[in-house]
Amino acid sequence: MQIKSMHFVERAGRRLNDQRLQRNLTKLSTKFVTGRAVALTQLDDFEAVRDAAVERRNRSIDNLDLWLEKFEREATRRGATVLWAENAAEAGRLVVKIAEEHDVKSVVKTKSMVTEEINLNRALRRAGIRSVETDLGEYILQINGNEPPSHIIAPVVHKDKEQIADLFSRVHKRPRLTEISALAGEAREVLRAKFLAADMGVTGANFLVAETGSVALVTNEGNEGMCTLLPKVHVVVTGVEKVVPTLEDVATLMRLLPRSATGQSISNYFSLLTGIKGRAERDGARHMYFVLIDAGRTQLLGTDFQEMLRCIRCGACMNHCPVYQKVGGHAYGWVYPGPMGSVLTPNFIGLENALDLPQASTLCGECSVVCPVKIPLPGMLRKLREKQLAEGLRPWRERTALRIFRFFSVRPRLYRIAARMASSTLRRMGGRRHMISRLPGLSGWTNTRDFPVPSGKTFRDLYRATLRARGR
Ligand code: SF4
């Protein structure tokens, strides 16, 4: 996927003015946010499950090398081949090589953000291999000119039914249907033939289980079954951090993943695949490969961002983020949007290539409140901002403003005088409307909304008045 994260501000601005997108994004709060809230009440003790999940993910990450070695041993013992890729390009080459070795002409894929990271469809296309996305959302995006996903679990959340109906009738050359079930039926009909013709299935992994060498896959459409049981070759492409020691770990994490993601107590489909098809088995791939990708993940170990590796890709942080809810996923310009993306993207592609992402947050803290594995996202965003400042990556105007603020904040008397002057000046500027519609240096705010005037008093004045009123 092409990196456009450096253009966040401009991309976000365009999306804020897109009324249709704004309507479509309301699904996040009406569907996912409320769904999650209800689903969590079904757990006896959500916080206890959350603590257990944190502990289990930490156990994986603290000894990542050991669990990965164990995973490799167990998967190999059951007939699979485990391959390691240091970066995206190497991962793409490995998958293409596997396809060529097995004379693969056509691939069916499940949704996988890691394959977006490595641009797998493009690599396969360049090698003359047809690759079809089979997750309904991803399929819609693929037939719409390989549009990138805008959400990690609901890739097409930015579109509405009418847009999809138009697209289907144009691409499938069939009468325009408008019912969601009919549109899904039409996609199913088209995809059925692709499943039957495919020589290779590519999936991501929700979890890799070290003790059994298995891959756990979660979907709501069952396409993971069709991708892994019908073709002769199954390739799992995933990040190294997805490994967990035991099946018990998967059971704990699965109590949180669908609930946090879509508000379901359990996903419609859950597959646990272990090794290649046995002699007595009717279904399954004859050849199974794991392509395990680092691409910046192990660099996070031992840093302020290590806890990010706990992420189970549920999407709850973006569903609840007031910034994501307004700008949608495409504004972020790479694979991972929302608060988790604003931490991962600068770490994976370089802070200088994602300058505005750590700033794309109000630091309201909601993302860490809803994160099932308690990743301190606001703290990490703050750390990235500090890094940017230390490396001189912020614009001079911002750095100057911070320097001025620092000058006053370490001189309390001067700060008090300046704050009082600023407050009363702003109050006067608001006139009778008590609103400021143009403010030099803050046009980013006043271009789209008025700035309410302050009371004319400083915080200290108000605080003192409150204390006096309470007789203290
Ligand atoms: S950071 Fe937390 S909330 Fe966000 S996707 Fe990862 S696990 Fe889910």
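Each value in this text was obtained by applying a stated rule to the coordinates, not by laboratory testing. For clarity, every value in this text was computed on a predicted model and none was experimentally measured. Counting neighbours? That spans all protein chains shown, and the Cβs are built from the backbone with ideal geometry, glycine included.
Tell me, please, whether a residue that is within 16 Å of the ligand (Cβ to nearest atom), in contact with a helix residue (DSSP H, G or I) (Cβ under 8 Å, 6 or more places away or on another chain) and in contact (Cβ under 8 Å) with a residue 60 or more places away in the chain can be found in region 274-288. Among the residues of region 274-288, not one is within 16 Å of the ligand (Cβ to nearest atom), in contact with a helix residue (DSSP H, G or I) (Cβ under 8 Å, 6 or more places away or on another chain) and in contact (Cβ under 8 Å) with a residue 60 or more places away in the chain, which makes the answer no. Quickly run through region 327-339 and pick out the residues that are within 14 Å of the ligand (Cβ to nearest atom) and either farther than 20 Å from Asn87 by Cα or acidic (Asp, Glu) (or both). Within region 327-339, Gly329, Tyr332, Pro337, Gly338, Pro339 meet the criteria.
Rundown of residues vs (1) more than 24 Å from the chain's Cα centre (by Cα); (2) acidic (Asp, Glu); (3) assigned to a loop (DSSP other than H, G, I, E, B), yes/no style:
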| residue | (1), (2), (3) |
| --- | --- |
| Glu211 | yes, yes, yes |
| Leu217 | no, no, no |
| Glu224 | no, yes, no |
| Pro231 | yes, no, yes |
| Glu241 | no, yes, no |
| Glu248 | yes, yes, no |
| Leu256 | no, no, no |
| Ser260 | no, no, no |
| Ile266 | no, no, yes |
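Taken as a whole, the condition of being surrounded by fewer than 23 Cβ atoms within 10 Å (Cβ to Cβ), more than 9 Å from the ligand (Cβ to nearest atom) and farther than 21 Å from Arg36 by Cα does not apply to Gly365. Could you tell me how many of the residues in region 183-213 are of a type in the set (Ser, Thr, Tyr) and buried (at least 23 other Cβ atoms within 10 Å of the Cβ)? Total meeting the criteria: 1.
Within region 426-472, being of a type in the set (S, T, N, Q), surrounded by fewer than 13 Cβ atoms within 10 Å (Cβ to Cβ) and without any contact (Cβ under 8 Å) to a residue 12 or more places away in the chain holds for Ser443, Asn447, Thr466.
What do you reckon, is Tyr324 of a type in the set (Ser, Thr, Tyr), buried (at least 24 other Cβ atoms within 10 Å of the Cβ), within 27 Å of Thr219 (Cα to Cα) and within 12 Å of the ligand (Cβ to nearest atom)? When the stated conditions are applied, Tyr324 passes them.
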